[in-house]
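Here the structure is laid out as C-alpha coordinates; the discussion comes afterwards.
The values are calculated or read from the model by the stated rules, or taken from the named source; none is laboratory data. Here the structure is a predicted model, which is why all the values come from computation and not from measurement. Every residue, glycine as well, gets a Cβ built from its backbone with ideal geometry; the counts of neighbours run over all protein chains shown.
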Amino acid sequence: MKAVYRPVRLINHEAIDTFRSIPVSEKPKDTRVIDKRLLTHDKDILTTATRNAALLRTAFDELSNAFAAGKRYRLIVPINSYSLASDEGATLIVRAMKELDATLRDAIISEIIDLPRSLTLDMLGDMTVPVLPFFDKYLAEPLPITRKDNFSMFSNCNYFGVSLNIEAFEETGNDALMMLTEFWAEATKSRLKIVIQGVTEQAIIDKAQQYDIFAIDGPAIGADQEGLV
(Lines give C-alpha, C1' and ligand atoms only; values in the text may rest on other atoms or scores of the structure.)
Protein backbone atom coordinates (compact mmCIF):
# COMPACT_ATOMS: atom_id res chain seq x y z
CA MET A 1 0.00 0.00 0.00
CA LYS A 2 1.27 3.46 -0.89
CA ALA A 3 1.82 6.09 1.78
CA VAL A 4 2.63 9.75 2.23
CA TYR A 5 4.48 11.27 5.16
CA ARG A 6 2.93 14.21 6.96
CA PRO A 7 5.22 16.56 8.93
CA VAL A 8 4.44 16.67 12.65
CA ARG A 9 5.49 19.58 14.83
CA LEU A 10 6.30 18.71 18.43
CA ILE A 11 5.71 21.21 21.20
CA ASN A 12 8.52 23.75 21.60
CA HIS A 13 10.40 22.11 18.73
CA GLU A 14 10.81 24.22 15.62
CA ALA A 15 12.64 21.66 13.48
CA ILE A 16 10.47 18.96 11.91
CA ASP A 17 11.90 15.52 12.64
CA THR A 18 8.66 13.58 13.14
CA PHE A 19 6.29 12.38 10.42
CA ARG A 20 3.01 10.49 10.30
CA SER A 21 2.56 7.81 7.64
CA ILE A 22 -0.86 7.89 5.99
CA PRO A 23 -2.21 5.40 3.43
CA VAL A 24 -2.96 6.59 -0.09
CA SER A 25 -5.53 5.27 -2.54
CA GLU A 26 -5.18 6.22 -6.18
CA LYS A 27 -8.54 6.97 -7.78
CA PRO A 28 -9.62 7.40 -11.42
CA LYS A 29 -8.96 10.72 -13.17
CA ASP A 30 -5.71 11.25 -11.26
CA THR A 31 -7.41 11.89 -7.92
CA ARG A 32 -6.07 10.58 -4.62
CA VAL A 33 -7.52 9.82 -1.23
CA ILE A 34 -5.10 10.30 1.68
CA ASP A 35 -6.63 9.12 4.92
CA LYS A 36 -5.81 6.58 7.63
CA ARG A 37 -9.46 5.55 7.47
CA LEU A 38 -8.56 3.73 4.24
CA LEU A 39 -7.55 0.92 6.60
CA THR A 40 -11.13 0.59 7.86
CA HIS A 41 -11.95 -3.07 8.39
CA ASP A 42 -15.43 -3.28 6.81
CA LYS A 43 -15.97 -6.43 8.93
CA ASP A 44 -13.12 -8.26 7.20
CA ILE A 45 -10.27 -8.77 9.66
CA LEU A 46 -7.83 -10.44 7.27
CA THR A 47 -8.31 -7.80 4.57
CA THR A 48 -7.69 -5.11 7.16
CA ALA A 49 -4.61 -6.88 8.51
CA THR A 50 -3.22 -7.46 5.00
CA ARG A 51 -3.70 -3.79 4.11
CA ASN A 52 -2.26 -2.64 7.40
CA ALA A 53 0.77 -4.93 7.21
CA ALA A 54 1.49 -3.65 3.68
CA LEU A 55 1.37 -0.06 4.92
CA LEU A 56 3.71 -0.86 7.81
CA ARG A 57 6.23 -2.46 5.46
CA THR A 58 6.13 0.58 3.17
CA ALA A 59 6.60 2.97 6.08
CA PHE A 60 9.35 0.90 7.69
CA ASP A 61 11.25 0.67 4.40
CA GLU A 62 11.05 4.44 4.02
CA LEU A 63 12.26 5.01 7.58
CA SER A 64 15.14 2.57 7.06
CA ASN A 65 16.17 4.43 3.90
CA ALA A 66 16.04 7.73 5.76
CA PHE A 67 18.28 6.44 8.55
CA ALA A 68 20.68 5.01 5.97
CA ALA A 69 20.86 8.51 4.48
CA GLY A 70 21.80 9.95 7.86
CA LYS A 71 18.38 11.37 8.79
CA ARG A 72 17.19 10.68 12.32
CA TYR A 73 13.41 10.85 12.08
CA ARG A 74 10.57 9.57 14.22
CA LEU A 75 7.56 8.00 12.51
CA ILE A 76 3.95 7.60 13.64
CA VAL A 77 2.31 4.56 12.04
CA PRO A 78 -1.38 3.55 12.21
CA ILE A 79 -2.43 0.10 13.39
CA ASN A 80 -6.12 -0.67 12.89
CA SER A 81 -7.47 -2.39 15.99
CA TYR A 82 -9.43 -4.86 13.86
CA SER A 83 -6.25 -6.14 12.27
CA LEU A 84 -5.40 -7.48 15.74
CA ALA A 85 -8.84 -9.00 16.34
CA SER A 86 -7.87 -12.55 15.36
CA ASP A 87 -4.75 -14.67 15.69
CA GLU A 88 -4.35 -14.71 11.90
CA GLY A 89 -4.63 -10.94 11.60
CA ALA A 90 -2.31 -10.28 14.52
CA THR A 91 0.24 -12.67 13.00
CA LEU A 92 0.35 -10.59 9.81
CA ILE A 93 0.95 -7.41 11.79
CA VAL A 94 3.61 -9.04 13.98
CA ARG A 95 5.45 -10.34 10.91
CA ALA A 96 5.55 -6.82 9.47
CA MET A 97 6.85 -5.38 12.75
CA LYS A 98 9.55 -8.05 12.94
CA GLU A 99 10.90 -6.89 9.58
CA LEU A 100 11.90 -3.51 11.01
CA ASP A 101 15.48 -3.55 12.26
CA ALA A 102 15.48 -3.64 16.05
CA THR A 103 17.75 -0.60 16.19
CA LEU A 104 15.00 1.51 14.58
CA ARG A 105 12.11 0.49 16.81
CA ASP A 106 12.66 3.40 19.19
CA ALA A 107 11.89 5.70 16.26
CA ILE A 108 8.34 4.36 15.91
CA ILE A 109 5.16 5.58 17.59
CA SER A 110 2.25 3.24 16.93
CA GLU A 111 -1.22 4.75 16.76
CA ILE A 112 -4.08 2.34 17.43
CA ILE A 113 -7.07 3.46 15.35
CA ASP A 114 -10.61 2.34 14.51
CA LEU A 115 -11.34 1.17 18.04
CA PRO A 116 -14.48 -0.91 18.77
CA ARG A 117 -17.49 1.00 19.99
CA SER A 118 -17.81 -1.38 22.94
CA LEU A 119 -14.17 -1.00 23.95
CA THR A 120 -13.25 -2.27 27.43
CA LEU A 121 -9.99 -2.18 29.36
CA ASP A 122 -9.48 -5.91 28.78
CA MET A 123 -10.07 -5.54 25.03
CA LEU A 124 -7.63 -2.63 24.85
CA GLY A 125 -5.05 -4.65 26.75
CA ASP A 126 -5.46 -7.64 24.43
CA MET A 127 -4.98 -5.57 21.27
CA THR A 128 -1.97 -3.78 22.75
CA VAL A 129 -0.09 -6.96 23.72
CA PRO A 130 1.17 -7.80 20.16
CA VAL A 131 2.71 -4.32 19.90
CA LEU A 132 4.51 -4.34 23.24
CA PRO A 133 7.57 -6.42 22.23
CA PHE A 134 8.33 -4.02 19.39
CA PHE A 135 7.39 -0.45 20.32
CA ASP A 136 7.21 1.27 23.67
CA LYS A 137 5.42 4.42 22.50
CA TYR A 138 1.80 4.12 21.49
CA LEU A 139 -1.16 6.40 20.97
CA ALA A 140 -4.87 5.66 20.78
CA GLU A 141 -7.43 7.44 18.63
CA PRO A 142 -10.73 7.35 20.57
CA LEU A 143 -13.88 6.97 18.51
CA PRO A 144 -15.60 10.23 17.56
CA ILE A 145 -18.62 9.39 19.68
CA THR A 146 -16.41 8.83 22.73
CA ARG A 147 -14.23 11.91 22.49
CA LYS A 148 -15.96 13.39 25.58
CA ASP A 149 -15.69 10.13 27.53
CA ASN A 150 -13.19 9.29 30.20
CA PHE A 151 -9.82 8.29 28.72
CA SER A 152 -8.48 6.59 31.83
CA MET A 153 -8.40 3.13 30.21
CA PHE A 154 -5.69 4.36 27.85
CA SER A 155 -3.46 5.60 30.64
CA ASN A 156 -4.18 2.37 32.53
CA CYS A 157 -2.74 0.44 29.55
CA ASN A 158 0.34 2.72 29.51
CA TYR A 159 -0.60 4.65 26.38
CA PHE A 160 1.33 7.89 26.44
CA GLY A 161 -1.32 9.86 24.59
CA VAL A 162 -4.48 10.14 22.51
CA SER A 163 -5.00 11.61 19.06
CA LEU A 164 -7.76 13.80 17.64
CA ASN A 165 -8.09 13.83 13.85
CA ILE A 166 -9.68 17.21 13.12
CA GLU A 167 -10.17 16.47 9.42
CA ALA A 168 -12.49 13.57 10.27
CA PHE A 169 -15.10 16.01 11.61
CA GLU A 170 -17.32 18.65 10.05
CA GLU A 171 -16.68 21.15 12.83
CA THR A 172 -14.77 24.33 11.95
CA GLY A 173 -14.17 27.67 13.61
CA ASN A 174 -15.50 27.97 17.16
CA ASP A 175 -17.07 24.50 17.01
CA ALA A 176 -13.68 22.97 16.26
CA LEU A 177 -12.11 24.96 19.08
CA MET A 178 -14.75 23.69 21.49
CA MET A 179 -14.15 20.11 20.34
CA LEU A 180 -10.42 20.53 20.93
CA THR A 181 -11.05 22.03 24.38
CA GLU A 182 -13.30 19.13 25.43
CA PHE A 183 -10.79 16.60 24.15
CA TRP A 184 -7.90 18.36 25.89
CA ALA A 185 -9.82 18.49 29.18
CA GLU A 186 -10.57 14.76 29.20
CA ALA A 187 -7.05 13.76 28.13
CA THR A 188 -5.49 16.01 30.74
CA LYS A 189 -7.55 14.38 33.50
CA SER A 190 -5.86 11.07 32.64
CA ARG A 191 -2.43 12.67 32.23
CA LEU A 192 -2.27 11.76 28.55
CA LYS A 193 -0.40 13.75 25.95
CA ILE A 194 -2.44 15.00 23.00
CA VAL A 195 -1.73 14.75 19.28
CA ILE A 196 -3.88 16.92 16.99
CA GLN A 197 -4.04 15.86 13.34
CA GLY A 198 -5.26 17.35 10.06
CA VAL A 199 -5.21 20.98 11.17
CA THR A 200 -6.02 23.66 8.57
CA GLU A 201 -6.86 26.65 10.81
CA GLN A 202 -4.41 28.94 12.55
CA ALA A 203 -6.87 29.32 15.43
CA ILE A 204 -6.48 25.60 16.19
CA ILE A 205 -2.70 25.97 16.22
CA ASP A 206 -2.94 28.94 18.59
CA LYS A 207 -5.24 27.03 20.95
CA ALA A 208 -3.02 23.95 20.78
CA GLN A 209 -0.03 26.05 21.79
CA GLN A 210 -2.03 27.52 24.67
CA TYR A 211 -2.84 23.98 25.85
CA ASP A 212 0.74 22.73 25.42
CA ILE A 213 -0.42 20.09 22.96
CA PHE A 214 2.32 17.49 22.45
CA ALA A 215 2.20 17.38 18.64
CA ILE A 216 0.22 18.78 15.73
CA ASP A 217 0.10 18.13 11.99
CA GLY A 218 -1.90 19.04 8.91
CA PRO A 219 -1.80 21.46 5.96
CA ALA A 220 -1.32 24.37 8.35
CA ILE A 221 1.95 22.78 9.54
CA GLY A 222 3.41 21.37 6.33
CA ALA A 223 2.57 19.62 3.08
CA ASP A 224 2.53 15.83 2.78
CA GLN A 225 5.72 14.32 1.41
CA GLU A 226 6.03 11.37 -0.94
CA GLY A 227 9.04 10.06 0.99
CA LEU A 228 11.49 10.75 3.81
CA VAL A 229 14.70 10.80 1.78
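Has the stretch 173-193 got any residue that is within 18 Å of P78 (Cα to Cα) and either touching a Phe, Trp or Tyr at 6+ places or on another chain (Cβ under 9 Å) or not in a loop (DSSP other than H, G, I, E, B) (or both)? Quick ask: steps written out before the conclusion?
So in the stretch 173-193, the residues within 18 Å of P78 (Cα to Cα) come out as 193.
Keeping just the survivors that are either touching a Phe, Trp or Tyr at 6+ places or on another chain (Cβ under 9 Å) or not in a loop (DSSP other than H, G, I, E, B) (or both) gives 193.
The answer is yes; a qualifying residue exists.
Find the residue count for the stretch 6-25, including only residues that are part of a strand (DSSP E or B) and surrounded by fewer than 22 Cβ atoms within 10 Å (Cβ to Cβ).
Kept after step one, since they are part of a strand (DSSP E or B), are these residues of the stretch 6-25: 6-10, 18-25.
Retained after the next criterion (residues that are surrounded by fewer than 22 Cβ atoms within 10 Å (Cβ to Cβ)): 7, 10, 18, 24-25.
Count: 5.
Quick check on the stretch 116-137: of everything there that is touching a strand residue (DSSP E or B) at 6+ places or on another chain (Cβ under 7 Å) and outside any helix (DSSP H, G or I), which residue is farthest from A54 (Cα to Cα)?
My answer is K137.
Which one of the conditions (1) within 19 Å of the chain's Cα centre (by Cα); (2) without any contact (Cβ under 8 Å) to a residue 60 or more places away in the chain does T31 fail to meet, given that it meets all the rest?
The number of the failed condition is (1).
What are the residues in the stretch 68-89 that are hydrophobic (A, V, I, L, M, F, W, C) and either over 12 Å from D17 (Cα atoms) or surrounded by fewer than 17 Cβ atoms within 10 Å (Cβ to Cβ) (or both), if any?
A68, A69, V77, I79, L84, A85 - these are the residues of the stretch 68-89 that are hydrophobic (A, V, I, L, M, F, W, C) and either over 12 Å from D17 (Cα atoms) or surrounded by fewer than 17 Cβ atoms within 10 Å (Cβ to Cβ) (or both).
Among the candidates L55, L38, L92, single out the residue that is part of a helix (DSSP H, G or I) and at pLDDT below 95.
On inspection, the qualifying residue turns out to be L38.
Out of all the residues in the stretch 185-209, which are closer than 23 Å to G222 by Cα and within 18 Å of the chain's Cα centre (by Cα)?
Initial filter on the stretch 185-209 (closer than 23 Å to G222 by Cα): 193-209.
Within the stretch 185-209, K193, I194, V195, I196, Q197, G198, V199, T200, A208 qualify.
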